[in-house]
Structure formats: structure tokens, C-alpha cells
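Right, one structure below, let's go through it.
The values are calculated or read from the model by the stated rules, or taken from the named source; none is laboratory data. Keep in mind that this is a model prediction, so the values were computed, not measured. Using ideal geometry, Cβ is built from the backbone for each residue, glycine included, and neighbour counts are taken over all protein chains shown. What goes into the accessible areas is simple: the full protein's heavy atoms, side chains included, and nothing from ligands, DNA or RNA. Shrake-Rupley method; radii C 1.70, N 1.55, O 1.52, S 1.80 Å.
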Amino acid sequence: MNEQARIDKWLWAARIFKTRSIAADACKNGRVTKNGVNIKPSHIIKVGETVSVKKPPVTYSFKVLKAIENRVGAKLVPEIYENVTDPKQYELLEMSRISGFVDRARGTGRPTKKDRRAMDAFVEPAMFGFDDDFDFDLDDEEEE
């Protein structure tokens, strides 16, 4: 059996990424490292090496058991790599799950009920809360 493989093909074959192009993009964008060094999609990995993959908010670490380039079924994945991810990373993942959308950037997504009420309070006086003594005939002011 072949003892080496391209990292982008291995990441796809080991079912870490859904497509090979996504795996290659992850390499190009610096989300795949080996020994703390970013690696290119064409980098050759060997059996026994440890590869780290950043999928925010977690950085997963995998020890290569088989260097394959053809995708395998999900049942065979334990023969391909060993997950050696630090347990603290999973705690980080759980904390982000619990927090839910609390970390959503302000102003993105659908407004909350509080945001909507604030917007209504801001718009209402200007558009609908006219005073009785408001003069709609602006031409009169220019003639005076």
C-alpha cells in the first residue's frame, strides 16, 4: 500500500471535508497545519504524521494511520486516522454551542424584538407623530 498521499486528497478521502476543493481551499487559507506550519494542498503526508485542521471554533488534530487518496466509507474511517484532538477543544465547542447566537455581531441577521421596538420608537415620532400646529403649506413661509 502507498505510504504517502497529497494532503487535500487525504482530507477528502478520510471524510474530514465534504469535497476535495473545500479541502484545498482550507489548505490555501491556512486552516490546515502540520507541526504548526501551514501546508499547501499539494503537500505530501506520510503515515504517522499529525495534521491539524481548524474548523472554527475548534482545531482538530488527526494522526495519519493510512495515506489514502480514494474516498472510503464512513465505517472505515477509524482505520484511516486517529483523532488526537485536545479535550479542551471539545469543551470550547460545547461552550460555543451553549452560548448559541449570543456572539452574533450586532446588526447582523434578523432584528430582535427589542431592536424592532427601538426602530419603531425612532421612526414613529418623525413620520406619524405630527403636532397639531404643524403647517403643511411651506409656500406661505417663503412669501412672508
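Points worth noting:
- Against the list (1) over 20 Å from Tyr90 (Cα atoms); (2) open to solvent by less than 80 Å² (accessible area, probe 1.4 Å), the condition Asn29 fails is (2).
- All positions within region 72-84 that are in contact (Cβ under 8 Å) with a residue 24 or more places away in the chain and either more than 18 Å from Val53 (Cβ to Cβ) or surrounded by 14 or more Cβ atoms within 10 Å (Cβ to Cβ) (or both): Val72, Val77, Ile80, Tyr81
- Residue in region 41-48 that is out of contact with any strand residue (DSSP E or B) (no Cβ under 9 Å at 6 or more places or on another chain) and free of Cβ contacts under 8 Å to residues at least 60 places away in the same chain present: no
- Note on region 47-64: residues that are out of contact with any Asp or Glu (no Cβ under 6 Å at 6 or more places or on another chain), under 12 Å from Lys34 (Cα atoms) and of a type outside the set (S, T, N, Q) total 7.
- Entry remark, region 17-39: residues being touching a helix residue (DSSP H, G or I) at 6+ places or on another chain (Cβ under 7 Å), closer than 17 Å to Glu82 by Cα and assigned to a loop (DSSP other than H, G, I, E, B) number 1 in total.
- When region 45-58 is filtered for residues that are among the charged types (D, E, K, R) and assigned to a loop (DSSP other than H, G, I, E, B), only Glu49 remains.
- Hits in region 40-56 (condition: open to solvent by less than 70 Å² (accessible area, probe 1.4 Å) and within 17 Å of Asn83 (Cβ to Cβ)): Ile45, Val47, Gly48, Glu49, Thr50, Val51, Ser52, Val53
- The set of residues from region 85-125 being open to solvent by 80 Å² or more (accessible area, probe 1.4 Å), more than 21 Å from the chain's Cα centre (by Cα) and modelled with pLDDT of 80 or more comprises Lys113, Lys114, Arg116, Arg117, Met119.
- Annotation note: of Ser61, Ser42, the sole residue that is assigned to a strand (DSSP E or B) and modelled with pLDDT under 95 is Ser61.
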